[in-house]
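**Q** Handing you a structure now.
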């Protein structure tokens, strides 16, 4: 079974540009999460999808960040326009539905390293 | 004040040593406690999780939760060079609540020397 995949693995953009990160969760996982780690800080939650609906977006830093999950499969996270403080590693995770017999475990992807110059 | 505090290390031990990793937290509503291992340039991988207080053992790993002290620990016995990684504690509220989000510590970098 394929794990969570993320694309690209690394992106370098200039301040003011737009970047779109993609996450493909494990097949059958209804829950999809985005997290971010800024250098020197802890991994922080951004938002949580259940299928195509946003369950919790309390961690989204501002309206320059837009997350979508059309059709309840893969998700994209767009940053527009990017600022220097957006640099960091963006992780995606997915999990099954607990009620359907799934576990609590959130499976993480390898992350996308975003550098804004 | 951060919700979860974790000593970032680095922690260097000789092969075969017992390693103790710890986190403290401030939110008494946390119910699930997890330890993730992260190798360089990889995503976090769940090692163990514990519900509420108590101990849980899995091979060379033991997780302990003391809710009265808001303190969790991970012990690694007979440490191996392959255990060298960053260890992250994470916590969440009760499942079925408003959120599934994980709250992470900063991670402790562990190096096991051969």
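**Q** Would you mind telling me which numbered condition in (1) more than 18 Å from residue B:46 (Cα to Cα); (2) under 14 Å from the mean Cα position of the chain (by Cα) residue A:95 fails?
**A** Exception for residue A:95: condition (1).
**Q** Determine which member of the set B:24, B:99, B:86, B:62 is surrounded by 13 or more Cβ atoms within 10 Å (Cβ to Cβ), touching a strand residue (DSSP E or B) at 6+ places or on another chain (Cβ under 7 Å) and modelled with pLDDT under 95.
**A** B:99
**Q** Another one. Can you tell me which of B:52, B:84, B:20, B:73 is without any contact (Cβ under 8 Å) to a residue 40 or more places away in the chain and away from chain A (no Cβ under 14 Å)?
**A** So the residue among B:52, B:84, B:20, B:73 that is without any contact (Cβ under 8 Å) to a residue 40 or more places away in the chain and away from chain A (no Cβ under 14 Å) is B:84.
**Q** Within the range A:19-31, take every residue that is assigned to a strand (DSSP E or B) and modelled with pLDDT of 95 or more and give me the one that is farthest from the chain's Cα centre (by Cα).
**A** Step by step, filter the range A:19-31, then rank; the result is A:19.
**Q** Among (1) on the phi < 0 side of the Ramachandran plot; (2) away from chain A (no Cβ under 11 Å), which single condition is residue B:59 missing?
**A** With respect to (1) on the phi < 0 side of the Ramachandran plot; (2) away from chain A (no Cβ under 11 Å), residue B:59 is out only on (1).
**Q** Within the range A:1-40, count every residue that is closer than 18 Å to residue A:96 by Cβ, within 14 Å of chain B (Cβ to nearest Cβ) and loosely packed, with under 13 Cβ neighbours inside 10 Å.
**A** Going through the range A:1-40 one residue at a time, the tally reaches 1.
**Q** In this structure, is residue A:79 more than 14 Å from every other protein chain (Cβ to nearest Cβ), touching a helix residue (DSSP H, G or I) at 6+ places or on another chain (Cβ under 6 Å), closer than 27 Å to residue B:86 by Cα and surrounded by 13 or more Cβ atoms within 10 Å (Cβ to Cβ)?
**A** Answer is no for this residue.
The values are calculated or read from the model by the stated rules, or taken from the named source; none is laboratory data. Fair warning: this is a prediction, and the values are worked out from it, not measured in the lab. Note: ideal-geometry Cβ built from the backbone for every residue, glycine included; neighbour counts use all protein chains shown.
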